[in-house]
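Chemist: My questions all concern the structure below.
Derivation of every value follows stated rules applied to the coordinates shown; laboratory data play no part. Since the model is a prediction, treat every value here as computed from it, not as a measurement. So basically every Cβ, Gly included, is an ideal-geometry build from the backbone, and we count neighbours across all protein chains shown.
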């Protein structure tokens, strides 16, 4: 028996937030998963921080080639997200499926040591991101199923803040390794592999395997199959999935944005891993307050406002090419606000449109659309950069993002401006019968 499974739920666990005059309690499952994500993100962001320079400088790959690899890195997870969600929903196996995903990604870190060519590196990155895709929906389902509906923005904010603490530490650790051993990319990959293994161990020992107090009834009736077409009949889920896909098509990847800033600032390779720290620091500071604010003012509205912050970041890079360090600080701040206002709140808004028995599949459906959109965006940016340069590539994506935000606002409608739009219309048990 896992250590995390030894404690049985009590009445106080089942309704921690319903008592008047008391601050909301964060479920132990959320904190445990946050710890796993923190450790895992140290490992992942160590690689992400050095990967652009490793590919372009060490391997001599062109911007178009990097766009392909970056597309694989951001989009490969899309092809297994639904599988992870569907498998996790069957019998409430969310923890087991998440553990398989974390384990696959951990195995890929040492494989980077021997990935010296484009095909091999592409295969390793695809497998790594497949692991991420497999684990994301079951993990988010566990968070939502252990949290009351009115506090899911806060719960996801806490999880994302812990996740981002790892994203903050990862690039810093990579920077220190490269300072001690210039060009020591393999040393970064080795340390990353060890940290990833620790994350899997934390998951196995400390994340509860039981369903959360807000999961019931979370097991599908006999003979009731998990059909994606049935999920798409849920109007709220369909609108959110379409909006996340449209916005993903115009969301330039972090790696491309950091490469643009490096060119604007003329930073050396050794300082490059510090750029993600700016985004991560802002995200860490704002994930919890913006998650709680989304619970109050409406998660979908916050999601759209976050993309306007990203659009402002694009505009700053385009309009102030010689801005120096103030430009970098402003862009990274806006980038961090974008993530804090969108990442966790998208999951929270999605969770409230799907009955408990299909929670993992519903979250996976939205994540799949977003990941596919970002995959196409990375390919487009790489091609535009190669043909017309980085400024033109970013200008095209800025125009596309402005159009996508307008289209998403119309799709969500006026109801998105009210917090009630994010609340389930009926209890999960009743909603199951409609799918």
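Chemist: Counting other C-beta atoms within 10 Å, which of 73, 185 has the fewest, and how do the rest follow?
Modeler: If I rank by nearby Cβ atoms, fewest first, I get 185, 73.
Chemist: Sticking with this one: With a Förster radius of 45 Å, plug the Cβ-Cβ distance of residue 57 and residue 407 into 1/(1 + (r/R0)^6) and report the FRET value to the nearest 0.05.
Modeler: 0.75
Chemist: Over its Cα atoms, what ratio of radius of gyration to 2.2 N^0.38 Å does the stretch 310-416 give?
Modeler: 1.27
Chemist: Can you report the principal axis dimensions of the stretch 258-328 using only the alpha carbons, biggest first, rounded to whole angstrom?
Modeler: 43, 25, 16
Chemist: Roughly what percent of Cα-Cα pairs across the stretch 34-123 reach past 21 Å?
Modeler: That fraction is 40 percent.
Chemist: A follow-up question, please. From the C-alpha gyration tensor of the stretch 337-381, pull out the three semi-axes of the equivalent ellipsoid (sqrt of 5λ each), sorted largest to smallest, in whole Å.
Modeler: So the equivalent ellipsoid measures 23, 15, 5 Å along its semi-axes.
Chemist: Along each principal axis of its Cα atoms, how long is the stretch 270-371 end to end? Whole angstroms, biggest number first, please.
Modeler: On the principal axes, the stretch 270-371 reaches 52, 30, 23 Å in Cα extent.
Chemist: Give me log10 I(q)/I(0) at q = 0.11, 0.13, 0.20, 0.22 Å⁻¹ for the stretch 78-213, Debye formula, one equal scatterer per alpha-carbon, no solvent.
Modeler: Here log10 of I(q) over I(0) equals -0.47, -0.64, -1.25, -1.37.
Chemist: Starting from a Cα-only point model with no solvent, please compute log10 I(q)/I(0) by Debye for the stretch 68-116 at q = 0.14, 0.18, 0.33 1/Å.
Modeler: Relative scattering, expressed as log10 I(q)/I(0), comes to -0.45, -0.69, -1.14.
Chemist: For the peptides 301-308, 334-341, 276-283, what is the packing order when you average, over each peptide's residues, the other Cβ atoms within 10 Å and list the highest mean first?
Modeler: Packing proxy ranking, top to bottom: 334-341, 276-283, 301-308.
Chemist: Quick one: if the Förster radius is 25 Å, what FRET efficiency do residue 296 and residue 229 give, using the C-beta to C-beta distance and rounding to 0.05?
Modeler: E between residue 296 and residue 229, to the nearest 0.05, is 0.15.
Chemist: Right, something else. Given a Förster distance of 22 angstrom, what is the FRET efficiency for residue 319 paired with residue 267, based on the Cβ-Cβ distance and rounded to 0.05?
Modeler: Here the calculated transfer efficiency is 0.60.
Chemist: Here is a follow-up. Where the centroid of each part is defined by its Cα atoms, how far is the stretch 358-405 from the stretch 43-67 in Å?
Modeler: Here the answer is 19 Å between Cα centres.
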